[in-house]
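Asks: Sharing a structure, written as structure tokens. Questions coming.
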Amino acid sequence: MKSEPDREKEQVNTPSASSTRLKKRERAAEQDAAISGRALGRMVDAFMRLPGIGRKSAERLAFSVLGMPKGEAEGIAQAILDLKNNSRNCPRCNNITEDELCSICRDPRRDAGLICVVEEPSNILVLEKTGMFRGTYHALLGALSPLDGIGPEDLAISGLMERLRGGGVKEVIIATNPTVKGETTAHYLSRIIKPLGISVTRIAYGLPVGGDIEYADENTVQRALAGRREM
Ligand SMILES: [Zn+2]
């Protein structure tokens, strides 16, 4: 059964959208608990906290966990704890790692003269799946959003500038999302990086404007990377 994830229309973080989502979650958990027990209600509540998971999906997942052998369910619970306990951001690029530096920063075959800037560490995973980028990354851990009060100091921009000032970087490819926030961020970075004499290119998206790199298929991302342009 292939169904669209019942995503909550991506209304992002406006206070009213998140409070509507909270109310929906509480109501679903309460109703399901009244019918199928408190533990099931709690599981539905837990799944609904995840992005792209609405009530129907949460209920399907909760019943699926219930139907699993105990060991398998324990494995999922342990995987969540291990992820939270052992994974952190790479101190150089903010990719996710369990080691001192991430696997990409540690790899001597990667071209350190090429840095691809993304919003989130999860975007690195998407770009790596294309197998065509041999440089390194820098995840900003967000995007500029003046309306939400998110400025350059709230992102991992100083770390990026430090890397650039360290020398040896020839090109920065900006692969922020093709959204208003992503474009704002791209232009800001271009403005502060170019004076360092480093080439700044913007990834070309074969995506609808307002889309998210996270949901793009690998071919689209591959084309986008190949079609990057000077900023
Ligand atoms: Zn790294």
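Asks: Looking only at residues in the stretch 26-41 that are within 30 Å of the chain's Cα centre (by Cα) and within 13 Å of Leu61 (Cβ to Cβ), which one is surrounded by the most Cβ atoms within 10 Å (Cβ to Cβ)?
Replies: By that ranking, first place goes to Ala28.
Asks: Further question: So how many residues does the stretch 80-121 have that are without any contact (Cβ under 8 Å) to a residue 60 or more places away in the chain, buried (at least 21 other Cβ atoms within 10 Å of the Cβ) and more than 13 Å from the ligand (Cβ to nearest atom)?
Replies: Selection size over the stretch 80-121: 0.
Asks: Quick one: Gly52 ticks every box in (1) in a loop (DSSP other than H, G, I, E, B); (2) outside the structural domain of Arg21 (by TED's automatic domain parsing) except a single one, so which number is it?
Replies: Looking at each condition in turn, Gly52 falls short on (2).
Asks: Is it fair to say Leu196 is exposed (fewer than 15 other Cβ atoms within 10 Å of the Cβ), under 27 Å from Arg106 (Cα atoms) and either in contact with an Asp or Glu (Cβ under 8 Å, 6 or more places away or on another chain) or at pLDDT 95 or above (or both)?
Replies: Judged against the criteria, Leu196 is a match.
Asks: So which residues in the stretch 162-184 are farther than 12 Å from His138 by Cβ and part of a helix (DSSP H, G or I)?
Replies: Arg165, Val180, Lys181, Gly182, Glu183, Thr184, listed by residue number.
Asks: Would you point out the residue of the stretch 122-149, among those that are closer than 14 Å to Asn177 by Cβ and outside any loop (DSSP other than H, G, I, E, B), that is farthest from the ligand (Cβ to nearest atom)?
Replies: Ser145
The values are calculated or read from the model by the stated rules, or taken from the named source; none is laboratory data. For clarity, every value in this text was computed on a predicted model and none was experimentally measured. Cβ atoms come from the backbone with ideal geometry, glycine included; neighbour counts cover every protein chain shown.
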